[in-house]
Amino acid sequence: MIYQRINGLNKPLARVIQGTVMLSLDKLEEGFQLLDSVFELGGTTFDTAHNYSGGDSDRVLGLWMEARGNRDEVVIIGKGCHHNQDRRRVTPYDLTSDLMDSLSRLRSESIDLYLLHRDDPSLPVDPIIDAFAHHHEAGHISAYGGSNWSVRRIQEANEYANSHDLPPMIASSPNFSLAVQSQEPWPDCISISHTNYTEDRDWYHLNKMPVLPWSSLAGGFFSGHIRRDNLDHILLNEKDYWLKLSAETYGTEQNFQRYDAAQRIATEREITVPQVALAYIFNSGLNVFPIVGARFPDEFAENARAAELTLTEEEMTALA
C-alpha cells in the first residue's frame with residue numbers, strides 16, 4: 001500500500017480508502033473479517049457516514065477498533081449533514097448532532113477527517129465553517145472538508161476561513177471515475193468525471209487539494225456484471241439495489257466503449273479492468289485517494305495495486 005500525508009492530518013492516508021457502507025451489526029463477524037483483512041493488507045483508512053446502514057457502518061467500525069485496539073493506527077473519514085426527506089440538513093445544529101452521534105458510535109474522541117455529506121448553496125457558508133472551527137478547537141475533528149461540494153462553494157468556505165484565521169477545508173469528495181454518470185445516482189451529487197468539469201479538475205490540480213472520489217469504480221460497473229446484452233434485463237428485473245443503480249447511472253454506450261478500451265489495456269498488460277479504471281484516475285494529475293467498496297480481501301488487494309500503475313499518454317487518450 002502507498003501512503004501519503006496531507007496538510008491538517010497527523011497520520012498518513014492510504015492511497016486507496018475502504019468504504020464501509022456494507023457493514024452491519026447483523027453480520028458483525030463477517031464485517032470484522034473484512035476489516036481485519038483490509039487492515040492486514042495495509043488499508044488503514046476507512047470512509048464512513050452518519051447515515052450509512054442506519055448508523056451501523058459507524059457502529060461496526062467502532063466495535064472493531066475497540067476490539068483490536070488499533071484506533072491510533074486507523075484514519076477515519078466521517079460524513080454528516082446528509083439531507084433527509086423532510087429538509088436539507090446543512091446547519092451547525094445538524095453538524096453537531098451528527099458528529100456527536102458518530103463519535104459515540106465509533107467509540108472515539110475524535111474523527112480524523114470530517115466531511116459535509118451534502119451542501120445547501122442557498123445558505124451562507126459562514127455559520128457552518130464557524131461550527132467546524134469550534135469542533136476542531138474542541139478536538140472532535142482533526143480536519144474537515146466537503147463531499148458533493150462544488151468548487152465555487154469550497155472557495156467561498158476557504159475565503160471565509162482564511163479571512164477569519166480559521167482552519168480551511170483541506171479535502172473534497174466528489175464523484176470521479178472513468179465512467180461518466182448519465183444521471184445522478186442520488187439527489188444533489190457532484191461529479192467531476194465529465195469533460196464539462198475540466199475547469200474543476202484544473203482547480204483541484206492548481207490548488208493541490210486532495211480529492212477523495214466516491215464511486216471511483218462506478219458502483220461496480222467495471223466488474224463486468226453489467227453488459228450490453230443484459231442491461232435491459234438488469235434495469236427491468238434486477239433485485240440487487242446496487243447493481244441496478246449502477247446500470248441506471250452508468251449503463252450508456254459511451255461507458256461500454258470505455259469498458260472495452262479498459263479491457264483491451266487490461267489484456268495487453270495482464271491486469272484487471274478495475275485496476276485500469278482506478279489507474280485512470282490515479283494518472284489524472286490530481287492528488288486522488290479513491291474510495292472503493294471492496295467486499296472481499298482479494299478485491300481490496302487488487303485495488304491497492306492499481307495505485308502503482310502508470311498509464312501511457314496513448315492509454316489515457318484511449319480510455320477518455
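The values are calculated or read from the model by the stated rules, or taken from the named source; none is laboratory data. Every value quoted in this text rests on a predicted model; they were computed, and no experiment measured them. All Cβ positions, glycine included, derive from the backbone under ideal geometry; neighbour counts span all protein chains shown. Quick note on the areas: whole protein, heavy atoms, side chains included, nothing else; ligands and nucleic acids left out. Shrake-Rupley method; radii C 1.70, N 1.55, O 1.52, S 1.80 Å.
If the only charges are +1 at each Lys and Arg Cβ and -1 at each Asp and Glu Cβ, what is the size of the charge dipole of segment 204-302 around the Cα centre, to the nearest 20 debye? Don't skip to the answer; put the middle values down first.
Numbers: 9 positive and 12 negative charges, 57 e Å.
Computed charge dipole of segment 204-302: roughly 280 debye.
With +1 assigned to the C-beta of every Lys and Arg and -1 to the C-beta of every Asp and Glu, and no other charges, what is the dipole magnitude of the chain about the Cα centre in debye, to the nearest 20? It would help to have the intermediate numbers written out before the result.
Working: 27 positive and 46 negative charges, 9 e Å.
Its charge dipole is roughly 40 debye.
Its Cα centre serving as origin, segment 87-137 has a Cβ charge dipole (Lys and Arg +1, Asp and Glu -1) of approximately 280 debye.
Please compute one quarter of the surface area of the Cα convex hull for segment 145-298 and express it in square nanometres.
Numbers: hull surface 41.3 nm².
Averaging across all directions leaves 10.3 nm² for the Cα convex hull.
Taking a ≥ b ≥ c as the square roots of the eigenvalues of the Cα gyration tensor, segment 207-280 is classed as oblate, since a/c reaches at least 1.5 and a/b does not exceed b/c. Here segment 1-92 is treated as an ellipsoid with the same Cα gyration tensor; its semi-axes, largest first and in whole Å, are 23, 19, 10.
In units of 2.2 N^0.38 Å, what is the alpha-carbon radius of gyration of the chain? If you can, show how the numbers build up before the last one.
Values: Rg = 19.0 Å, N = 320, 2.2 N^0.38 = 19.7 Å.
With N residues counted in the chain, Rg over 2.2 N^0.38 Å equals 0.96.
Once the 1.4 Å probe is applied to the protein heavy atoms, the chain comes out at 45 Å² accessible per residue.
Pairwise Cα distances in segment 73-219 exceed 23 Å for 35 percent of all pairs.
Gain in length, Asp126 to Arg68, computed as 0.36 nm per residue apart minus the alpha-carbon separation, to one decimal in nm? Don't jump to the answer; show the numbers that get you there.
On the way: separation 58, 0.36 × 58 = 20.88 nm, distance 3.93 nm.
Stretched fully, the Asp126-Arg68 segment lengthens by 17.0 nm.
Over segment 23-148, one equal point on each Cα, no solvent: what is log10 I(q)/I(0) by the Debye formula at q = 0.11, 0.20 Å⁻¹? Here log10 of I(q) over I(0) equals -0.37, -1.09. Counting only protein heavy atoms and a probe of 1.4 Å, the accessible surface of segment 248-320 is 46% carbon and sulfur.
What does a probe at Ser97 reach in segment 121-162, counting residues whose amide N is under 13 Å from the point 7 Å along Cα→Cβ? It comes to no residues whatsoever. Computed per residue of the chain from DSSP H runs no shorter than four, each worth -39500 (n - 2.57), the mean residue ellipticity at 222 nm is -13000 deg cm²/dmol.
Would you mind pulling out the separation of the Cα centroids of segment 37-111 and segment 277-313, in Å? Comparing the Cα centres of segment 37-111 and segment 277-313, I get a distance of 23 Å. Figure legend: label point modelled 7 angstrom from the Cα of Glu137 along Cα→Cβ; residues of segment 96-129 with amide N under 15 Å from it are 127-129.
Under the classification rounded if a/c is under 1.5, otherwise prolate if a/b is larger than b/c and oblate if not, where does segment 195-250 fall, given a ≥ b ≥ c as square roots of the Cα gyration tensor eigenvalues? Prolate, since a/c reaches 1.5 and a/b exceeds b/c. Expressed as a whole percent, the accessible area of segment 77-180 that falls on carbon and sulfur atoms is 48 (1.4 Å probe). Legend: P(r) of segment 277-320 from all alpha carbon pair distances, 5 Å bins from 0, whole percents, reading 5, 22, 30, 21, 14, 7, 1.
For segment 221-320, go through all pairs of different Cα atoms, get the mean of 1/r, take its inverse, and jot down that Kirkwood value in Å.
Values: mean 1/r = 0.0695 Å⁻¹.
Radius from the Kirkwood sum: 14.4 Å.
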